Amino acid sequence: MKRLAAVAAIAAVAAVTLSACGSSGGGEQTGSATEGSINWWGWTPDTSVAEKYIAAFNEEYPDIEVTYRNFENGDYKAALRAGLQSNSGPDVFDIALGGDVADFGTFGDFGLDLRPALEEQLGDDWEDDFTFSNDGLTREDGSVAGVSMGGVAAGMIWINQSMFDELGAKVPTNYDEWVAACDIFAAAGKDCLAMGVIPGRSFAMETWRSIVSTIEPGLWYSALQGDASWDDPAFEEGLEVLAQMKEDGIIRDDVTGLAQYPDANNAFLSEQAAMVQMGTWYAQYSKEDSAIASMEAAGVTDPTPFVQLPIPFPEVGGNPATLFGELDYGLSVNARSNATAPATTFALWLTATEQGSQIIANAIDLIPGFVGVEPQWDDLGLVAPDVQIPAIQTMYADAAASDESRNQLVTPALAQAFDVAVASVLEGSTTPADAIATLVSSTQG
């Protein structure tokens with residue numbers, strides 16, 4: 001690992017303002033690289049995690065005040081659009097490769113070009129220092145709209161192992177075992193798989209994707225790449241399985257009236273549900289302090305942390321489920337900000353120094369994005385390190401081995417079409433066959 005240059009020394013290199021809505025143009029640096037006040041907006045990380053990042057940053061840069069504002073996934077895009085088109089928006093903001101939260105296609109042109117700063121700090125081969133390719137946050141002219149915070153993968157289930165042990169339920173590996181476990185939880189007054197399906201705030205599409213991956217591995221990603229059609233029978237079969245999960249009590253009857261955040265998230269963290277489908281980012285709640293804070297946020301008074309573990313998605317279609325992942329999100333500096341210098345200092349300290357990357361790694365909110373950095377496992381304060389450390393390490397290794405991206409090829413329109421298909425089938429207003437026909441029609445338009 002090369003010795004890193006001081007961030008303050010390179011902040012003045014960055015370009016500055018957008019002359020209009022969306023440009024990667026340059027200008028003079030605004031503000032001081034070592035002092036000032038900046039606002040950071042994002043849908044992730046959780047506030048408690050962001051505050052740890054900021055506290056560590058302030059140990060080195062005490063005169064840069066960072067205020068973090070966290071949004072629910074479904075609220076972030078509209079708020080960010082309005083903020084970036086005004087003078088009251090963020091100085092630093094989260095940006096994603098694709099999907100329907102804060103995709104690069106919509107917001108990439110608002111980001112200051114960070115390539116000069118990255119080259120000054122890490123050298124011309126700066127991209128070699130990152131685990132995940134930054135191409136998805138790089139504009140056609142080569143300017144860099146955002147820098148990787150780290151990666152995530154999805155396709156696994158998180159379980160309350162403490163609840164499984166207490167009630168004597170077996171961790172499911174197939175559909176019949178899943179139904180049997182859910183019957184045990186129902187008898188104890190608990191939900192089985194927490195899920196939310198409200199469009200725009202839904203992760204149920206990822207449940208559908210996981211089901212399809214157990215029916216025909218690789219098909220979903222092939223369709224995203226344009227090498228397979230969405231009318232392949234496996235997609236309809238996947239929706240049929242999803243509808244059957246509702247009939248068999250794996251998911252709640254009122255699932256279409258719930259959102260993944262906050263409803264499903266809170267149901268799991270408050271121990272009202274035994275399982276939830278979330279990605280690698282959910283590892284953060286394996287830490288005792290994060291578990292307590294998140295349980296309190298979910299409405300639990302004087303919480304006792306439980307042991308949560310990731311498990312493979314049950315083989316409901318006969319094959320092992322596929323994980324899918326990529327660079328999760330990056331930090332962008334708002335080119336219209338009047339504090340681009342301190343904003344650049346913060347963004348690059350967190351993403352492109354060993355110190356900042358170590359703080360990110362130790363939050364186990366992201367798969368580390370900086371080469372050579374990994375969580376300091378023995379110092380994380382996990383609830384049950386003997387079982388959680390090997391489980392999370394295995395999950396990370398499986399995620400790193402995945403060759404399917406999660407959101408990079410998913411346009412906002414396609415994400416909406418997925419949500420509509422799932423919601424319409426689960427509310428019973430559309431058959432799986434008709435939902436697929438609508439999806440195909442919408443993707444061909």
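Any read-out appearing in this document is the output of simple, stated calculations on the displayed coordinates, not a laboratory observation. As the structure is a computational prediction, the values presented were derived from the model and not from experiment. Here the Cβ is made from the backbone with ideal geometry for all residues, glycine too, and neighbour counts use every protein chain on show.
Counting only alpha carbon atoms, the long axis of helix 47-60 and the longest principal axis of the chain meet at about 30°. With respect to the chain, whose longest principal axis is taken over its alpha-carbon atoms, helix 385-401 is tilted by about 80°.
Per-residue Karplus couplings for segment 118-130, computed as 6.51 cos²θ - 1.76 cosθ + 1.60 with θ equal to phi - 60°, are listed in order as 5, 5, 5, 7, 10, x, 5, 9, 4, 5, 5, 7, 10 Hz, Gly and Pro entered as x. Placing +1 on each Lys and Arg Cβ and -1 on each Asp and Glu Cβ, with no other charges, gives the chain a dipole about its Cα centre of roughly 700 debye.
Dividing the radius of gyration of the alpha carbons in segment 76-168 by their Kirkwood radius gives 1.15 for Rg/Rh.
Computed from the C-beta positions of THR47 and ASP135 and an R0 of 41 Å, the FRET efficiency is 0.85 to the nearest 0.05.
Scaled to the compact-protein estimate 2.2 N^0.38 Å, what is the alpha-carbon radius of gyration of segment 61-122, rounded to two decimal places? Each step should come with its number before you reach the end.
Details: Rg = 13.4 Å, N = 62, 2.2 N^0.38 = 10.6 Å.
Dividing the Cα Rg of segment 61-122 by 2.2 N^0.38 Å gives 1.27.
What is the Rg over Rh value, at two decimals, for segment 233-331, using alpha-carbon atoms and the Kirkwood definition of Rh?
Numbers: Rg = 15.7 Å, Rh = 15.6 Å.
Expressed as Rg/Rh, it is 1.00.
Distant-in-sequence amide contacts of GLU65, defined by a placed amide H-H separation under 5 Å and a gap of 5 or more residues or a different chain, comprise GLY36, SER37, ILE38.
Can you match Kirkwood radius over Cα pairs in Å to one of these, (1) 22.4; (2) 23.2; (3) 29.7, based on a calculation from the structure here? So the calculated entry is the one marked (1).
3J(HN,Hα) along segment 292-303, derived from phi through the Karplus expression 6.51 cos²θ - 1.76 cosθ + 1.60 where θ = phi - 60°, amounts to 5, 4, 5, 5, 5, 5, 7, x, 8, 8, 6, x Hz, with x in place of Gly and Pro.
Helix 412-426 and the longest principal axis of the Cα set of the chain meet at an angle near 20°.
Pairs LYS52/LYS287; LYS170/LYS246; LYS246/LYS287; LYS170/LYS190: which exceed 25 Å Cα-Cα? Each step should come with its number before you reach the end.
Values: LYS52/LYS287 14 Å; LYS170/LYS246 20 Å; LYS246/LYS287 32 Å; LYS170/LYS190 15 Å.
Flagged as over cut-off: LYS246/LYS287.
Please give me the summed charge of the neighbours of ALA186: other residues whose Cβ is under 13 Å from its Cβ, Lys and Arg +1, Asp and Glu -1. Every neighbour counted, the sum reads -2. Here's the picture: charge each Lys and Arg Cβ at +1 and each Asp and Glu Cβ at -1 in the chain, and of PRO233, TRP377, PHE57 the one pushed furthest to the positive end of that dipole is PHE57. In this structure the amide hydrogen of CYS192, modeled in the peptide plane, comes within under 5 Å of the amide hydrogens of ALA274, none closer than 5 places in sequence on its chain. Between the amide H of LEU309 and those of ILE159, GLN161, distances stay under 5 Å, these residues lying 5 or more places away or on another chain, with hydrogens modeled in the peptide plane. Taking label positions 7 Å along the Cα-Cβ direction at both ASP289 and GLN85, the computed distance is 4.1 nm, reported to one decimal.
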